[in-house]
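Have a look at the structure below, then the notes.
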Amino acid sequence: MFLAEGPQRLCVVWQDTSHKLQIIRDICIFAITSHQTDTRDLGIMYRFRCTLVVLILAVVCLLPTAVRGQGRLVSVLAERDLSLEQQLDSVIVEFGLDVNKNDIAIAFKLLRRFGGTTRCVALKYKTQDPKGRAIEASGIVAFPLNRRFRGVVEMCPYNREKNLCGTARMYSTEILASSLGYVTIMPDLIGYGVTDSLTVAYQVSENSAILSAHLRLAAKEYIENELHLVLPSNSYLFGYSLGAPSAVALAGLYSSDPSYGVKVKALCVGGGAYNPRLALENTLQKGTINYLIYPSLVRSLNFWCDAGLDPAKIFYGRVLKDYESLSSSTLNPREMARIYGEDLHTYLRPEFFTPEGSQELERIKAILDTFAVPGAGSQPIPTSVKVVIRHSENDDIIPVVCADLLYYQIKQTVPSVRYHRERKGTHYETAVRSFSDLARILL
């Protein structure tokens, strides 16, 4: 009997609809058998038992609120309502889109046809940092107003400056899915939002997956306790660029841990460095990158992985001189590449391009090896999950070979995986088409 397992267990199983009838049955048995009396007044006994059943049912119904403090949710930080046009204007500005292009025009037409107003809520919640220590982080939950929830979209965020994260702006391009009737959940990565005093954690996809899963639990508490609505158990996972490996890791997390109670319907990713070491090696061979991210990566590895890397043995020239500001995650890496140059030979030490390499380079590669997804021993993605991968051969930031490898790995267990390997299109142009992939799945 669930009654014998204590109130915490009773609260957990009450959240699962399949157990509610069993709980009520247990309560009725308890009410009938627990009261022993010699009275012959059957009317009094009947009224006593009915009253007891009602009281216990009332307590059970209130249990989710009573144990709320033991969950993930800490507090609500802010709220904001956004019209569909406000969201579309932000997307145009952020990506510099030409709305007259055919594929973009079609996407916007679909959004205007099916979209609506969205409420964005910033939450503080309990989770863990990349070293496994307890920490309070932040993230946003967005949902449609005056519409039934069609499901949950879990967005793993791409890289951006600290002042442009979801809770800082109370908006992010990724939450656009909420205008289509979905609850959208997107965490701030460690180093953003309420943790912005910390160094940003780059490429630690397994931890990013944990952030997303814990934020989903906090969102469930918020929606059930504040809105008195039910958060659907089905999830659609999306990630582009830095968020793509995190989405893959999140699919593996839900597959390996059924206690989350999440059914993944689809995984849609694009432009990701699923194998960071492979991405680094190919970029060094190419010799150019339109994104000055390596100072931030080195700082992240030193802070979160205790790598002990010496920037002076990795960089030289202006980049070494300005290392502190360039690694602060407060500047736009794309803009910095225009200022400092896209040629890696102008700021990475010469030994990085020799067959012998350098000790610092080998240490970086060894750590990046541990960040690959799917990782060694990862639970295979279920065959029922719809998987869509997109990457461009002309990607100017992340080499396409990363997506080639991911496709090969996933198709071993998901034969129907779809891989769009584009022949042209920059990293940012492909992002729009990757979002369109998700929109087609959701619609």
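State the extension gain, in nm to one decimal, for the chain segment bounded by Q86 and D257, taking 0.36 nm per residue of separation less the distance between their alpha-carbons. List each step's numbers first, then the result.
Working: separation 171, 0.36 × 171 = 61.56 nm, distance 3.78 nm.
Taking Q86 through D257 to full extension adds about 57.8 nm, to one decimal.
What is the calculated FRET efficiency for N163 to E224, with r their C-beta to C-beta distance and R₀ = 35 Å, to the nearest 0.05? Mind dumping the intermediate values first?
Values: r = 32 Å, r/R0 = 0.92.
It comes to 0.65.
What's the ranking of 317-324, 171-178 by average number of surrounding C-beta atoms within 10 Å, highest first? Intermediate values should be presented prior to the final figure.
On the way: 317-324: 15.0, 171-178: 25.2.
Highest to lowest by the protection proxy: 171-178, 317-324.
Once both labels are modelled 7 Å past Cα along the beta-carbon direction, what's the S384-Q412 spacing in nm?
About 2.3 nm separates the two model spin labels.
How about the range 331-423: which trypsin sites (Lys or Arg not before Pro) there are in a DSSP loop, with at most 15 other Cβ atoms within 10 Å of their Cβ?
Values: sites: R334, R338, R363, K365, K386, R390, K411, R418, R421, R423; in loops: K411, R423.
Filter output for the range 331-423: K411, R423.
Between R148 and A312, what FRET efficiency comes out of the Förster formula 1/(1 + (r/R0)^6) with R0 = 56 Å and r the beta carbon distance, rounded to 0.05? List each step's numbers first, then the result.
Working: r = 58 Å, r/R0 = 1.03.
Between A312 and R148 the formula returns 0.45.
Between T288 and K424, what length in nm is gained on full extension when 0.36 nm per residue of separation is reduced by their alpha carbon distance? Before the final figure, lay out each step's value.
Values: separation 136, 0.36 × 136 = 48.96 nm, distance 1.75 nm.
Here the answer is 47.2 nm.
Evaluate E = 1/(1 + (r/R0)^6) for S233 and L198, where r is the Cβ-Cβ distance and R0 equals 45 Å; express this FRET efficiency to the nearest 0.05. Write out the running numbers ahead of the final one.
Details: r = 32 Å, r/R0 = 0.72.
Step by step, r from the Cβ atoms, then E = 0.90.
Readers should treat all values here as calculations from the given coordinates under stated rules, not as data from a laboratory. Since we're looking at a predicted model, the values are computed, not measured. Quick reminder, even Gly has a Cβ in these numbers, built from the backbone with ideal geometry, and neighbours come from all protein chains shown.
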